[in-house]
1. Taking a probe of 1.4 angstrom, what is the accessible area of residue 31 in Å², to the nearest 10?
2. In sequence order, what are the phi-derived ³J(HN,Hα) couplings for region 8-25 according to the Karplus relation 6.51 cos²θ - 1.76 cosθ + 1.60 with θ = phi - 60°, rounded to whole Hz, with x for glycine and proline?
3. Can you sort 18, 4 by solvent-accessible area, 1.4 Å probe, largest first?
Amino acid sequence: MIRLGDGVYLCFLNGHRLKIVYVGNNICKLYLENEYQGTAPFDYVKRKLTEMEKKWNTSNIRGYQFKELRSSIDQLI
């Protein structure tokens with residue numbers, strides 16, 4: 001999650017862009033692909049998105065190249 005100025009947070013999760021705008025008094029507005037989705041408690045949303053980012057971390061997969069699987073028996077022969 002990236003924090004921009006004026007209470008705006010951006011998150012790229014599972015191929016979707018999420019925008020969270022902190023309004024005040026622990027309330028935030030949620031936007032999915034720049035389409036308004038509703039309001040929610042800010043601390044809950046931030047905690048859940050951070051957990052999801054850690055679970056679904058795909059940054060390590062980007063440079064992966066397919067390698068053929070071989071059994072250990074094939075390598076010994």
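The values are calculated or read from the model by the stated rules, or taken from the named source; none is laboratory data. The structure presented is a predicted model; accordingly, all values stated were derived computationally and were not measured. What goes into the accessible areas is simple: the full protein's heavy atoms, side chains included, and nothing from ligands, DNA or RNA. Shrake-Rupley method; radii C 1.70, N 1.55, O 1.52, S 1.80 Å.
1. The accessible area of residue 31 comes to roughly 60 Å².
2. 9, 10, 10, 9, 10, 10, 6, x, 10, 9, 10, 10, 10, 10, 6, 8, x, 6
3. 4, 18
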